[in-house]
Amino acid sequence: MPIPVARPASARAVHGDRSTVYAQVIADSISPEGVRLTTLEVQCHRFVLSEFNTHRVFSRNSASSRAIPVRKQLQYLRDAPAIPLSFPQEKAGMQGGDELDANLVEEARAEWLVARDAAIASAEKLVALGVHKSIVNRLLEPFMWHRIIVSSTRWDGFFTQRISPNAQPEIHAVASWMREALEASTPDAVAGGTGWHTPYIDEVTDDHIREAVGSSEDAYWTLRREISAARCARVSYLTHTGVRDIEADRDLYQKLVSAEPPHWSPLEHVATPGTHPSTVSNFDGWTQLRQIAELARTHA
């Protein structure tokens, strides 16, 4: 089985591709103070997620093993499992040695797939016993691709560490794609006081929002923010493909903010320019919808 392409390239991976490392810019904004906020959708090997999550300057939401039906996950693993990008030789320390000889690489890759098949077989037995997907899917994680939505105003530390020769190849690959995507993107100016950074709002959705609210600018921005946050939340269920319904997104947003406890993290990707160089939460110069919504709930 060929190893998925993992190096940066001028051609972007197709949105929703479940079989390769990729990164693409979803929203790119710059404030009047010149602070750039960018949201990317990335996909990496599930087994390097813990390394990705050590970077606290990021706001992120990602696909949940607890939320995705086992049958769907099993099909993903049969069709396109996540396979290590290299099989280095064992040596002391965190970094492996040189790549195994070509014939041994093929054997190692085949053994990885044997382990995948064993995990699938055990998962199916647990399903037959009636075990919930939140447990069953844990067996499958080493072989999964993982989808993440990540927003930040600061990227240099991540790139310095993860595009280092010392980085594990799988996180090096996704970090390289992310840097290339950022360098190729031009941020849109967002006005202070009224403008917002709203991932996953395309022209079609914007037209639908205008139709739904009429001439009210306040209603327009309220609905736009809510839909954007809801679509950031949907990565947990891998439901970004297919027809999008703004009413369903509005309902999901209300569930996020009214739940006990509330699910605030998707609201972090939606933000409005603040005053540079102040830092609100993990963003420089931007105020997240999360802070505004939390304050409103506190005083309700």
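The values are calculated or read from the model by the stated rules, or taken from the named source; none is laboratory data. What you see is a predicted model; the values in this text were computed from it and never measured. For neighbour counting, all protein chains shown are included, and Cβ atoms are generated from backbone atoms with ideal geometry for every residue, glycine included. For accessibility, only protein heavy atoms count, side chains too; no ligands or nucleic acids. Shrake-Rupley method; radii C 1.70, N 1.55, O 1.52, S 1.80 Å.
The set of residues from the range 118-134 being more than 22 Å from the chain's Cα centre (by Cα) and in a helix (DSSP H, G or I) comprises ALA118, ALA119, ILE120, ALA121, SER122, ALA123, GLU124, LYS125, LEU126, VAL127, ALA128, LEU129.
Residue count for the range 234-284, restricted to those that are loosely packed, with under 13 Cβ neighbours inside 10 Å, within 17 Å of the chain's Cα centre (by Cα) and modelled with pLDDT of 80 or more: 0. Of the residues screened, TRP221 is not one that is aromatic (Phe, Trp, Tyr) and in contact with a Leu (Cβ under 9 Å, 6 or more places away or on another chain).
When you look at ARG231, is it surrounded by 14 or more Cβ atoms within 10 Å (Cβ to Cβ), in the same structural domain as LEU40 (by the TED database), modelled with pLDDT under 95 and charged (D, E, K, R), yes or no? Step through it out loud before you land on a result.
On the way: surrounded by 14 or more Cβ atoms within 10 Å (Cβ to Cβ): yes; in the same structural domain as LEU40 (by the TED database): yes; modelled with pLDDT under 95: yes; charged (D, E, K, R): yes.
It is true that ARG231 is surrounded by 14 or more Cβ atoms within 10 Å (Cβ to Cβ), in the same structural domain as LEU40 (by the TED database), modelled with pLDDT under 95 and charged (D, E, K, R).
The residues of the range 84-129 that are among the small types (Gly, Ala, Ser), surrounded by fewer than 12 Cβ atoms within 10 Å (Cβ to Cβ) and within 14 Å of PHE143 (Cα to Cα), listed by number, are ALA110, ALA118, ALA121. Closer than 23 Å to GLU268 by Cα and either of a type outside the set (S, T, N, Q) or in contact with a Leu (Cβ under 6 Å, 6 or more places away or on another chain) (or both): does that describe TYR22? Answer is yes for this residue. Contact map, the range 149-174: first residue of a type in the set (Asp, Glu), second residue surrounded by fewer than 20 Cβ atoms within 10 Å (Cβ to Cβ), Cβ cut-off under 8 Å, separation 6 or more or different chains; pairs are GLU170/PHE47; GLU170/PRO84; GLU170/LEU85. Taking the criterion of being part of a loop (DSSP other than H, G, I, E, B) and charged (D, E, K, R), the only residue of the range 192-224 that qualifies is ASP202. If only residues of the range 135-161 that are closer than 30 Å to GLY285 by Cβ and open to solvent by 30 Å² or more (accessible area, probe 1.4 Å) are counted, the one that is nearest to the chain's Cα centre (by Cα) is ARG154. Contact map, the range 190-203: residues that are polar (S, T, N, Q) paired with residues that are open to solvent by 20 Å² or more (accessible area, probe 1.4 Å) and not in a loop (DSSP other than H, G, I, E, B), Cβ distance under 6 Å, separation 6+ or inter-chain. Pairs shown: THR198/ARG224.
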